[in-house]
Amino acid sequence: MKRIITIQDISCVGKCSLTVALPIISAMGVEAAVLPTAVLSTHTAFKNFTFRDLTSDIPSVSKHFKSEKFKFDAIYTGYLGSVEQINLVAEFFDEFKTNDNIIVVDPVMGDNGKLYSGFTKDFVNKMRRLCSNADIIIPNLTEASFLLDIEYKNDYNEVFIKDVLKRLSDLGIQRTVLTGVSFNQNEIGTMMYDSSKNEYYSCFSEKINDYFHGTGDIFASTCVGALMNDLSLQKSLNVAVDYTYEAIKTTVNSKNSNWYGVDFERVIPDLIKMLNEEKALVY
Ligand code: PXL
């Protein structure tokens, strides 16, 4: 059985980071080990959230893992709370990267052109360095713009997105996935660039004009789960786009959903179907 480790926070209420990654990756038949970086009462879109920093636990947890000779088929990082945590995660990569596993970094920093509360320019600079140690990164356009130190644009075309992807790959990343890409009013999805093959790939779903928290975490977790099922990155993106869309559609159609997150739980059975369908397809 494949085992991944995911390094990000626990937001006790909020349907993001570990409370999304654990159920999704487990449902996809992959052991999901965790290294929690912080415990928050809620995610940071709530007011008055508590924040217990677990940074000082990271080195001893890592040391214990090493002494147990644990191996991970993927190391997947999401929301990190401080510059110091990024440094420790970089050390974790050095300890646990092998020739057979992959490092996936979702450089969670912001959305809609803005950094989330608490993030600084220094954090962005360190996150850029962390990304250059990844095999795959999964930013949205806001995060990509901060990583490249360019202005965030709402209005763009395919030439612009391809250029952003190529410039991100120049940071030393083989496969770069941009989320939340939309070239027309009706569709939204993802575009990927594989620098080793000089190849782009995109896939889209119907666009729902609403904003939801945690969708980036659902997308990235699904992508990691699909990759660990030995799907290509292209096929993994198909599953991630379709599942994220289904989760959002279900939330919009549900009378009693919460404002703070997406009802991804209701469509986990569909996720398993999508995964098995992609596995069965030969192309
Ligand atoms: O969904 C990303 C995320 C993860 N963890 C925390 C967050 C956010 C986004 O705001 O606040 C604590």
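The values are calculated or read from the model by the stated rules, or taken from the named source; none is laboratory data. Predicted, not measured: the structure shown is a model, and the values here were computed from it. FYI the Cβ positions are ideal-geometry reconstructions off the backbone, even for glycines, and counts take in every protein chain you see. Note: areas computed on protein heavy atoms with side chains; ligands, DNA, RNA excluded. Shrake-Rupley method; radii C 1.70, N 1.55, O 1.52, S 1.80 Å.
A few remarks follow.
- By accessible area, using a 1.4 Å probe on protein heavy atoms only, the chain has 48% of its surface on carbon and sulfur.
- Heavy-atom accessible surface of region 3-282, averaged per residue, reaches 45 Å², computed with a 1.4 Å probe.
- Here the Gaussian network model covers the chain, with springs between Cα atoms less than 10 Å apart; of SER257, SER11, SER169, SER257 fluctuates the most.
- Of the GluC sites (Glu not before Pro) found in region 35-121, those in coil by DSSP whose Cβ has at most 14 other Cβ atoms within 10 Å are GLU68.
- Set of aspartates and glutamates with alpha-carbon distance to LYS153 below 16 Å, sequence-local pairs under 8 removed: ASP111, GLU143, ASP163
- By the compact-protein rule of thumb, 2.2 N^0.38 Å, the alpha-carbon radius of gyration of region 18-93 corresponds to a ratio of 1.19.
- Simple spin-label estimate for GLU151 and ALA90 gives 3.1 nm between the two label positions (7 Å along the Cα-to-Cβ direction from each Cα).
- Here the mean projected area of the convex hull built on the C-alpha positions of region 156-283 is 8.4 nm².
- Per-pair calculated FRET efficiency, R0 = 45 Å: GLU158 and GLU265 via Cβ, rounded to 0.05: 0.85
- Gain on full stretching of the segment that runs from LYS279 to THR120 - 0.36 nm per residue minus C-alpha separation: 53.1 nm
- Straight-distance candidates among the aspartates and glutamates for linking to LYS249, with alpha-carbon spacing under 12 Å and chain neighbours fewer than 8 residues away dropped: GLU206, ASP210, ASP263.
- Principal axis analysis of the Cα atoms in region 1-134 yields extents of 40, 31, 27 Å, listed in decreasing size.
- Links that overshoot a 29 Å alpha carbon limit, given the list LYS166/LYS207; LYS2/LYS162; LYS126/LYS273: LYS2/LYS162; LYS126/LYS273
- Taking 0.36 nm per residue of separation and subtracting the Cα-Cα distance, full extension of the segment from GLU187 to ALA33 would add 52.0 nm.
- Taking 0.36 nm per residue of sequence separation and removing the Cα-Cα distance, the PHE49/TYR200 pair yields an extension gain of 50.3 nm.
- Debye-sum result for region 3-282 in log10 I(q)/I(0), which assumes one identical scatterer on each alpha carbon, at q = 0.10 Å⁻¹: -0.47
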